[in-house]
Amino acid sequence: MAKRVIFYLNQFFGGIGGEDKADFAPEFRAGEAVGPAVGIAGGAGDIEVVGTIICGDNFYGQNEDEAREFIAQTIKEQNPDILVAGPAFNAGRYGFACAGACQVANENGVIPVSGMYVENPGLEHCRAFSWVAATSDAAAKMRKALPLMANLVKKLAAGEEVTPEGDSYHAQGRRECILVEERGSTRAVKMLLARLNDEEFETELPMPTFDEVEPAPAIKDLSKATIALVTTGGVVPNGNPDRLQSASAQQWNKYDISQLDELKGEYYTVHGGFDPVYCNEKADRVVPLDMLRRLEKEGKIGKVHEIFYTTTGTGTAVANSEKFGIEIGKEIADAGVDGVLLTST
Amino acid sequence: MRLEQELLYVKDVVAGDAMKIEGGVLTVDVDGLRQCLLEDDKIKDVQIDFAKPGERVRIVPVKDVIEPRYRVDRQNGFPGVTTKYEECGNGVTKILKGAAIVTIGDMVGFQEGVIDMWGEGAGWTPFSKTCNITVNITPVDGLDPHTHERVVRLAGLKASTFVGLAAKDAEADEVNIYEIGSMKEETAKYPDLPKVAYVEMTISQGLLHDGFLYGVDLKEIVPTWFHPNEEIDNAVISGNCVAACDKITTYQHQNNALIHDLYAQHGKTINYIGNIFSPELTTLDGKFRNCDYTAKLCEQIGADGVIVSEEGYGNPDSDLVMICKRLENRGIKTALVTDECSGWDGTSQPLTDTAAEAVAVVSSGNVSKVIELEPADRVIGTLKAAQTLAGGWDGCVAEDGSLKVELNAVIGATSEIGFHNASVKLY
Amino acid sequence: MATITTISQSVGANRIVPTVAIPYPVGNPTLSEADEEAMRYEMVERACNALATEVTESTQFE
C-alpha cells in the first residue's frame, strides 16, 4: 500500500504571497501537492499525496500553539505516514515553523522529513528525530534540494536504511551499535596503514567537543552558607535499598544524613568502576561528611544540608548525567542550598 | 623470538576418565580436574560443566576465560604465576583450539559477565563459538576480597593447564610460526617498511581491575616494551573484571587479535617493532607519567605509526587521548581502538575526554546498547547475578528467565583489542 | 572534587579541587590515620573556600 504523504509550506512557497502575507492563517489543501511539493512528490516513487498545509511564517511565530494544533488536527483527520516540511534553506522563521511541524508529526507517530541549510536555527529543534536534507542556503538552489528530499521520502516510505553521508541529511546524532564483517583489529590495522600511506580513511568515532559552563557567583559569607554533598561515586546506605545500578546509572537517589556525623559504617559503594575496598572501610573517603560536620561545628560553614545525593558515574550516558544534574540542581536550589561539594571517582 | 603454535581443533567436549583429544573430541577427566583444583585449601567446592555452541545455555557470572594449552619442554603453565618464572615467546606450544575454560561463581565485585551460547546473545560474544568448560569455584568462608579474587584467578589458570594436558601427545591439525627478531635484524631485512608499534593500555586500578606480566602487577610498573610472542605465549594474565564487554580476558591476551593482525602485515606492509604496555592508573600524576613514558618509548624505538588499544571506559579515556596527543605531536601517526558509552539511544557523547589529534579511531561498539535475551534452557551459574553486573539492573531478569542487559554485561562484546566485530554507525 | 581534573575541565567544571586517587578521592589509606585525617580536613576546607572565591573561568584550587 502506498505511503500517505502530507506537505507543509509557508505562505511564499504555498503561492499565497510574499512578506505581506506572512500572517496567513493555516489552511489545508486536500489532495493537492503545492509548489515545491510537486517536485518532491514526483521524485518520491509510489506515494499517495494527502495534501498540503500552508501557513504564514509570522502566523506560526506569533501563534505557535494554534498553528501546531492545526497541524495536529490535520494529521489526525488525514492519517499520513510521512510529513514533509519546507525546504526552508536558511530562512529562520520558516525553519522554526518547519521544525515545529516536524515535532508535531513526530509526536503523532508520523515520519518527519525536511530540508534546511546547516546554519538554519530551526535545525537543532528537529534534527534528532527528523530526516532533514542538507540543502544549500539559498532558495535559488531549489532544483538541487528537491531530489534530496524526494529520495528521503522514497526510502523512508519503503523502509530502507538511510545514512547521513549516502543520503545527504543532517546526522541525527544517533550512534547505532552493529555487528560488521571485519573484526576491530583488522579495521584498526587498515586505518593505520592508510594514514602511513597518505591514503583516505574514515574515522569511526569523531571526537566530541565539550561545553563551557558559566561560573556561579561566589558565596558571600561561608559561615552562614548551607553546603550540600553530591557524589557520582555510587555511595549508598548499606543494602542499597533503592537498588542503584553499579554502572550505567538510570537513577539518582537521595538520603537523609541529618542524624549522622560520618558515613562510616552506614554507607558503602556499589560503583563497579573502581576498587571499592577503601571506600567501604570509610565512605567519607568519597563523600567527606565527617569533615564537613567538623567545619559546621567550628562555624566555618553555616550548615550541612540534610539531604545527600548520589548516583553511579561509570558507563553512565552523558544524556542521563545532564538530566540528573538538572533534577538534583533544581531540588537543591529550591531548598535554599548555597554551595555543593560534588565528588567523583 | 620464534614461537611455534600447534593447533588441535576441538569440535566437541565430553567427560571421561583421562585427558585426551581425538578426532576433534576433547575428553575431560572431570574428577581429576576437580581434585587438582581442590588441592588449594582455600577452595571449598568445584563444579565442572560443559556449554557447547548452539546449546540454549547461559553462563553467568563469568569472571575469566582461559585457553587450555600445553607448553612443550618448558614450564607448563603461566610462568611467574602458576609455575616458576621462565621467559615466554620461544619454543613450541600445543593449543586446544576451540576449547575454553570459563571461571564463574559469586565474586566480590560487580563486574562479571554473561555468555549465551545461542540466539541474540551469542552474536555479541566470541565465546559462543568455543566449547566451554565451566569451572564454578566456591571458596572457603571468611576470605578477604583480594584473596578471594586471587584464589579464583589461579584456579582458572590451573584448570586450563590441566585440560591442556590432553594436547600433550596429540598431533597438530595446523601449525603457525611467529617469528620476529631484534629491531636491528628486522630493520636490516625491511629497511623501507614503516615501523609500527602496538601500545596496549591495561586497566591497572586495584581489586578486580588488574593485569599481570609474568605475575608482575602492571600497576606497579612504568610502561615497558615487550615482544608480542610473550603475550601470545602465556606471559600475560587477566586479574580484572572492569566491565565484561571490554575487559581483556586471559584467553584474549593469549590470542590478542591486534598482535595477530600486525603479525600478518609484518614484512609485507610494516615492520612490527613490538608492544608496549601502558597501565591506566588512578591518579593524575600517574596518568601523566605513564602517558609521557609511553610516548617517549615509541619515539625512542623509532615508531612511524602506533596502534593504541584501550581497556575499559571512563577515566582511561583520558589516558587514551593523552597518549594520542603526545604521539601525534612527535610526528607519529596513530590509530586508536576504543568502545563508547553513547547511552541507550546512542545520542550521548561517546567518550569522557577528547583530543582533536585523535583523527583515526576504530569504535568497537556502544557499551550502553540494550539487548533482549530469551530464557535459556539451562543456566550455568546464577541467573540473578545479572542484576548486579555492570550493564544489568534490578529487575532486568524477568520471571521467565529472559534478560534485558546492556552490552556492558556481555563478555567480549566491545573488545577494544578488536577481538570481536562490533562497531558503531552514525545515523 | 575529582582526581582526573582534565576530565573536569573538559566537562566545564569551574571550581576544581584535585583529589588523591580514584578509589579514595578524599582519603589516603597509605598514610597514617592522623596524617590522613589532617589531609582530609585541609582538602575539604579548601573546597569550601573555593565556593566562596570568585572565578571567571575553570580554576583549580590546589
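When residues in region A:162-219 are screened for being more than 30 Å from A:Ser130 (Cα to Cα), free of Cβ contacts under 8 Å to residues at least 24 places away in the same chain and either hydrophobic (A, V, I, L, M, F, W, C) or more than 7 Å from chain B (Cβ to nearest Cβ) (or both), 17 of them pass. Free of Cβ contacts under 8 Å to residues at least 60 places away in the same chain and within 11 Å of chain A (Cβ to nearest Cβ), is that true of B:Asp217? So B:Asp217 does not fit the description; no.
Could you please let me know if A:Ala228 is farther than 30 Å from A:Glu165 by Cβ, more than 7 Å from chain B (Cβ to nearest Cβ), in contact with a strand residue (DSSP E or B) (Cβ under 9 Å, 6 or more places away or on another chain) and assigned to a strand (DSSP E or B)? Here the answer is yes, as A:Ala228 does meet what is asked.
Does B:Asp339 satisfy the condition of being of a type in the set (Asp, Glu), buried (at least 24 other Cβ atoms within 10 Å of the Cβ) and in contact with a helix residue (DSSP H, G or I) (Cβ under 9 Å, 6 or more places away or on another chain)? If you could, list the steps in order and put the result at the bottom.
Details: of a type in the set (Asp, Glu): yes; buried (at least 24 other Cβ atoms within 10 Å of the Cβ): yes; in contact with a helix residue (DSSP H, G or I) (Cβ under 9 Å, 6 or more places away or on another chain): yes.
So B:Asp339 fits the description; yes.
Only residues that are under 24 Å from the mean Cα position of the chain (by Cα) and closer than 16 Å to C:Asn49 by Cα were counted across region A:295-345, and they come to 0. Of the residues examined, B:Lys268 is one that is surrounded by fewer than 22 Cβ atoms within 10 Å (Cβ to Cβ), within 11 Å of chain A (Cβ to nearest Cβ) and within 25 Å of B:Pro191 (Cβ to Cβ).
Residues of region A:203-220 that are modelled with pLDDT under 95 and either in the same structural domain as A:Gly302 (by TED's automatic domain parsing) or surrounded by fewer than 10 Cβ atoms within 10 Å (Cβ to Cβ) (or both): A:Thr209, A:Asp211, A:Glu214. Of the strands (runs of 3 or more DSSP E) lying entirely inside region A:234-345, those containing at least 1 residues that are more than 7 Å from every other protein chain (Cβ to nearest Cβ), among the polar types (S, T, N, Q) and on the phi < 0 side of the Ramachandran plot are A:253-256, A:267-269, A:307-310. Filtering region B:378-392 to residues that are over 20 Å from B:Gly312 (Cβ atoms) and within 14 Å of chain A (Cβ to nearest Cβ) leaves B:Lys384, B:Ala385, B:Ala386, B:Gln387. Within region B:232-246, residues that are under 14 Å from B:Arg153 (Cα atoms) and modelled with pLDDT under 95 reach partners that are hydrophobic (A, V, I, L, M, F, W, C) and not in a loop (DSSP other than H, G, I, E, B) with beta carbons closer than 7 Å, at six or more positions or on different chains, in the pairs B:Gly239/B:Phe212; B:Asn240/B:Ile203.
Just so you know, in region A:141-195 the residues that are acidic (Asp, Glu) and under 30 Å from the mean Cα position of the chain (by Cα) include one that is surrounded by the most Cβ atoms within 10 Å (Cβ to Cβ), and it is A:Asp167. Taking the listed residues A:Val118, A:Val38, the one that is free of Cβ contacts under 8 Å to residues at least 24 places away in the same chain and of a type outside the set (S, T, N, Q) is A:Val38, with no other qualifying. When A:Asp23, A:Asp57 are checked against the criterion of being under 21 Å from A:Gly122 (Cβ atoms) and surrounded by fewer than 17 Cβ atoms within 10 Å (Cβ to Cβ), A:Asp23 stands alone in meeting it. Every listed requirement among (1) at pLDDT 95 or above; (2) within 14 Å of chain A (Cβ to nearest Cβ); (3) over 16 Å from B:Val57 (Cβ atoms) is met by B:Arg74 save one, (2).
Among the residues of region A:255-280, the one identified as closer than 25 Å to B:Leu208 by Cβ, acidic (Asp, Glu) and in contact (Cβ under 8 Å) with a residue 12 or more places away in the chain is A:Glu266.
The values are calculated or read from the model by the stated rules, or taken from the named source; none is laboratory data. Predicted model only: the values in this text are computed from it and were never measured. Neighbour counts run over all protein chains shown; Cβ positions are idealised from the backbone, glycine included.
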